[in-house]
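Structure record follows, encoded as structure tokens.
None of the figures in this text is laboratory data; all of them are computed from the coordinates on show. Owing to the predicted nature of the structure, the values given are computational and were not obtained by experimental measurement. Note that we place each Cβ from the backbone using ideal geometry, even for glycine, and neighbour counts take in every protein chain shown.
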């Protein structure tokens, strides 16, 4: 065996050594309870999804999902430690056990669900890829982008969709892949690239960070399906269930009309669905290995899905994104959660 | 039984120093190997438990993304394996250019440091102290975000005679387009190189035999320039230039030096040149001043003294630390990832790793490649050092 090969093997082995530690530390939930907080991977600065304010407090939809999980496990939504990750770092960080859950506008795909050893727990935001351009260019459609220089985040599904779209429409593409979304935005502003491509929600979020947001416009084309959701590792079904249901509870709460404000009053409701959801009747909460009323705690501390959406990206936020696909199924959208039963 | 009392008792075998030495080495070897095996098996088990794919099959699957700069044909339909070669060549390109430019600049600054001209020596000193004391990443950001971002938009490009264009998208140069018949000019250049070598040998021998000098440099230059040019003209100038043209969003055609590469190359060159300058200065100062005085008293001018007396001796001191700088430059080129230059770390250990999720394989390949490049540079420099080193008789 030559030197390079020996080194390769050693290096390979060293890398998962840290993962080995967490693998034998017992189940994820036990480890988290012992540690006292949840390690949650979020994005490195995307208004509406995860963004640290001047005091260092994180806000956003993705952040609230982690808070909901913390509320479920500890009864305290603040027991989360956030790790900002770039698109390139995120999946490895989860695979290696550096974080317990990844909630970082990550697209649910077949290869991530299988070969990459991950499980998506649901969809926090139904998205699609779009293009952000300077109005000065006078571009009205993505089909006019032949020969354009496009800024894109490295290691994303966006990068792949971009190439597919340009190839399918026989357009010439010059891509620049940056690690951080901030770099892409800066490059668009400086004119290094003509177009910035990303999930549409991100484009709106990026736009409000630009110096002159009104000079830029999102093109009408949506070129892909991007269901964004929280992710956990393979191999721990109990933890998978908890993260999955933390989101479902919020969606069910919105459907049942339970909000963070009226949750205590709702406990007196006679509706059996609401009684089960709030842990007043039955012991559905206990089935998860958590407190029986954990669902009520999640709703009280974090809110229902509609509240979370409005507060972070919807009407109550600077982004003002319409509910669209993310409306409840009862209102023509796609948000639908299995029943608590 | 008297004799046995006095004969020294045979020491137990564990007190034998030779046995001990072998035994300790064996224990160390076994410990290392079993630790390695444990790590390997543990990794395998963990990957399997988490259901993460392993192996190198992914290298043949289609990549699906485009890359801004490629020295070989590449499209999004090519394989991850092809991405590896594109990325490797991009790394080698910036490292090779960086090594050449940093050496040239470093030698100039190093010699300038020792100049008798107060201003030149001070300027060189300021250069060295400034650039080697600012972190490289900051310098890369400076060139990329501060300097090259200040360039105008494509429509407002600075241009040089409508042939060369400079804008925020890069430096656009005309690209030579070879037509049939250009092979003759290349062949003529080959012949010229051969003739030059013969000429140099002949001139050296004649000087050794008779002491008469021959203007080798001017003769060689004339030969190397005129012969290919004459052939080129006779073959009917089989070459035209493809000019960059503004079409739609960008310039098309011609060669382009993208700002990502330009800023990385500038920063690597300027940073490493500061260290090389100090190495060159130290090397020159290591040659005793008596050598210069002896050379002057033999009637040599300062230029010849530097070239024929000082530098050959200084090189013995310069080459080993210079090798270190070349290795540093090559490894530092991986900072490319910070500004989106598609090098090995950015495109392969970054994007490919992320698209496939096969972290261990991608990182292992990347580490092995950097190790191989470094060992190769060391090998070449050691060979050169052997030639330049003092031959003791």
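Please state the shape class of the protein assembly as shown: rounded when a/c is under 1.5, otherwise prolate if a/b exceeds b/c and oblate if not, all from the C-alpha gyration tensor. Mind dumping the intermediate values first?
Details: a/c = 2.61, a/b = 1.49, b/c = 1.76.
Cα axes put the protein assembly as shown in the oblate bin.
Answer rounded, prolate or oblate for the stretch B:229-334, using the Cα gyration tensor with square roots of eigenvalues a ≥ b ≥ c: rounded when a/c is under 1.5, else prolate when a/b is larger than b/c, else oblate.
Working: a/c = 3.93, a/b = 1.66, b/c = 2.37.
Cα axes put the stretch B:229-334 in the oblate bin.
Would you mind pulling out the separation of the Cα centroids of the stretch B:37-58 and the stretch A:156-211, in Å?
35 Å
Could you work out which residue, out of A:219, A:328, A:137, moves most in a Gaussian network model of chain A, that is, has the largest mean-square fluctuation with Cα springs under 10 Å?
Most flexible of the set in this elastic network: A:137.
Counting only other chains, and only Cβ atoms inside 10 Å, what mean value do you get across the residues of B:365-372?
On the way: counts 2, 1, 6, 6, 1, 0, 5, 2.
Across the residues of B:365-372, the mean count of other-chain Cβ atoms within 10 Å is 3.
How big is the stretch A:93-137 on each of its three principal axes, counting only the C-alpha atoms and giving the largest first in Å?
Principal extents (largest minus smallest coordinate, Cα): 46, 21, 20 Å.
Given a Förster distance of 56 Å, report the FRET efficiency between residue B:96 and residue B:13 from their Cβ-Cβ distance, rounded to the nearest 0.05. Write down the numbers at each step before the final one.
On the way: r = 57 Å, r/R0 = 1.02.
After rounding to 0.05, the efficiency reads 0.50.
One quarter of the convex hull surface, Cα atoms only: what value does that give for the stretch A:272-312 in nm²?
So the Cα hull casts an average projection of 3.1 nm².
Sticking with the crude label model, points 7 Å out along Cα→Cβ, report the distance from residue B:298 to residue A:182 in nm, one decimal please.
Simple spin-label model gives 6.1 nm for this pair.
Using only the Cα atoms of the stretch B:97-161, what do you get for the radius of gyration and for Dmax, in Å?
16.0, 48
Indicate the gyration tensor shape class of the stretch A:284-341 (rounded, prolate or oblate), computed on the Cα atoms with a ≥ b ≥ c the square roots of the eigenvalues: a/c under 1.5 is rounded; otherwise a/b larger than b/c is prolate and the rest oblate. Write down the numbers at each step before the final one.
Numbers: a/c = 4.26, a/b = 1.70, b/c = 2.50.
Since a/c reaches 1.5 but b/c is at least a/b, the shape of the stretch A:284-341 is classed as oblate.
Taking the DSSP beta bridges in the stretch A:129-224 as the whole, what percent of them are antiparallel, to the nearest 5? Mind dumping the intermediate values first?
Numbers: 8 of 16 bridges.
In the stretch A:129-224, approximately 50 percent of DSSP beta bridges are antiparallel ones.
So, in nm, how far is label residue A:115 from label residue B:44 when the simple model puts each one 7 Å beyond its Cα toward the Cβ?
Computed distance between label sites residue A:115 and residue B:44 equals 2.2 nm.
Set the Förster distance to 35 Å, then compute FRET efficiency between residue B:33 and residue B:257 from the Cβ-Cβ distance, nearest 0.05. Kindly include the intermediate steps, with their values, before the conclusion.
On the way: r = 49 Å, r/R0 = 1.40.
Given R0 = 35 Å and the Cβ-Cβ separation, E is 0.10.
Which of B:307, B:212 has the fewest other C-beta atoms within 10 Å, and how do the rest follow up to the most? Before the final figure, lay out each step's value.
Values: B:307 12, B:212 8.
In order of increasing Cβ crowding within 10 Å: B:212, B:307.
If you take the C-alpha gyration tensor of the stretch B:22-80, multiply each eigenvalue by 5 and take the square root, what semi-axes do you get, largest first, in whole Å? Could the numbers behind the result be given before it?
Values: eigenvalues 330, 63, 11 Å².
With the √(5λ) rule applied to the stretch B:22-80, the semi-axes are 41, 18, 7 Å.
Once you place label points 7 Å from the Cα toward the Cβ at residue B:25 and residue B:178, how far apart are they in nm?
5.4 nm
Give me Rg over Rh for chain B, both radii from the alpha carbons and Rh done the Kirkwood way, two decimal places.
On the way: Rg = 29.2 Å, Rh = 26.7 Å.
Result for chain B is an Rg/Rh of 1.09.
Report the extension gain between residue B:226 and residue B:141 in nm, rounded to one decimal, defined as 0.36 nm multiplied by the number of residues separating them, less their alpha carbon distance. Could the numbers behind the result be given before it?
Numbers: separation 85, 0.36 × 85 = 30.60 nm, distance 4.40 nm.
Full extension from residue B:226 to residue B:141 adds 26.2 nm.
Sort A:108, B:85, B:202 so that the residue with the fewest other Cβ atoms within 10 Å of its own Cβ comes first and the one with the most comes last. Walk me through the numbers on the way to the answer.
Details: A:108 20, B:85 16, B:202 12.
Arranged by neighbour count, lowest to highest, A:108, B:85, B:202 become B:202, B:85, A:108.
Tell me, Kirkwood radius of the stretch A:129-224 from alpha-carbon pair distances, in Å?
Numbers: mean 1/r = 0.0775 Å⁻¹.
About 12.9 Å for the stretch A:129-224.
Counting other C-beta atoms within 10 Å, which of A:92, A:149, A:156 has the fewest, and how do the rest follow?
On the way: A:92 20, A:149 24, A:156 28.
Neighbour counts put them in this order, fewest first: A:92, A:149, A:156.
Can you figure out the FRET efficiency of residue A:268 with residue A:310, using R₀ = 35 Å and their beta-carbon distance, to the nearest 0.05? Before the final figure, lay out the partial values.
Numbers: r = 26 Å, r/R0 = 0.74.
Result of the calculation: an efficiency of 0.85.
Which of B:18, B:177, B:48 moves most in a GNM of chain B, Cα contacts under 10 Å?
Of the options given, B:18 has the highest mean-square fluctuation.
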